[in-house]
Amino acid sequence: AFPQARFRLSPGATAQWKPRQQGALDLFSGSGRYAEALLEAGAPWVLTYDSKADPVGQDLLRPEVRQEVESLLRSGAFLSVGAGPVCSSLSTSITPPVRTSRWPAGVPWMRASMRERVRQGNSFATWTAKLFRMCIALKVECWVENTEPICLWSMPSWRPIAALPQVR
């Protein structure tokens, strides 16, 4: 049901291509480098979500878009799921800091101008953790990108995932 433009396809795919085998999911796809790397490694196709490409239909803050992704995951469409959640409020370069190791979900004294960014970051973190718990239960390979010292792994929704023995 998705337009072909939403997919990154392996070389040789035709204009009439339809997914007939499991592929990969690239959430917050941005530049698409992860999708391209998956194709180079042999993935037949990668479905991408990036709100810059479609501010409504691919906005992962919208409940109906999240439900769409969860439904696809439960259906067995994917062998691999990758995510690089938008969370500029996790950056340690923000001055004054809006998150600390004691307050990973946001300090109570943050400026009003940062509250929406922190709210969105928390929403992405919580939902991505939900997806990763689903992936683990369904035995779907998954990864998340976040390199900041005060990162997703310190968020309350990620702590149980970080404690799992199969998480590296």
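Note on region 85-103: among residues that are of a type in the set (Ser, Thr, Tyr) and in contact with a helix residue (DSSP H, G or I) (Cβ under 8 Å, 6 or more places away or on another chain), the one that is least open to solvent (accessible area, probe 1.4 Å) is Ser89.
In the set Glu64, Glu68, only one residue is at pLDDT 90 or above and over 14 Å from the mean Cα position of the chain (by Cα); that residue is Glu64. With respect to the conditions (1) closer than 19 Å to Ser29 by Cα; (2) modelled with pLDDT under 90; (3) surrounded by fewer than 19 Cβ atoms within 10 Å (Cβ to Cβ), Trp153 falls short on a single one, namely (1). For region 124-149, a residue qualifies if it is assigned to a helix (DSSP H, G or I), more than 26 Å from Thr95 (Cβ to Cβ) and open to solvent by 50 Å² or more (accessible area, probe 1.4 Å), and the qualifying residues are Lys130, Arg133, Ala137, Leu138. Please enumerate the residues belonging to region 38-84 that are open to solvent by 80 Å² or more (accessible area, probe 1.4 Å), part of a helix (DSSP H, G or I) and either of a type in the set (Ser, Thr, Tyr) or closer than 21 Å to Ala129 by Cβ (or both). Selection gives Pro63, Glu64, Gln67, Arg74.
When region 104-123 is limited to residues that are loosely packed, with under 15 Cβ neighbours inside 10 Å and at pLDDT 90 or above, the one that is nearest to Ser157 (Cα to Cα) turns out to be Arg119.
Regarding region 87-100, can at least one residue be identified that is closer than 20 Å to Thr48 by Cα and either in contact (Cβ under 8 Å) with a residue 12 or more places away in the chain or among the basic types (Lys, Arg) (or both)? The answer is yes, given that some residue of region 87-100 is closer than 20 Å to Thr48 by Cα and either in contact (Cβ under 8 Å) with a residue 12 or more places away in the chain or among the basic types (Lys, Arg) (or both).
The values are calculated or read from the model by the stated rules, or taken from the named source; none is laboratory data. A quick note: this is a predicted structure, and the numbers were derived from the prediction, not measured. Glycine also receives a Cβ, built like all others from the backbone with ideal geometry; neighbour counts cover every protein chain displayed. Ligands, DNA and RNA are stripped out before the accessible areas are found, and what is left, the full protein with its side chains, is counted by its heavy atoms. Shrake-Rupley method; radii C 1.70, N 1.55, O 1.52, S 1.80 Å.
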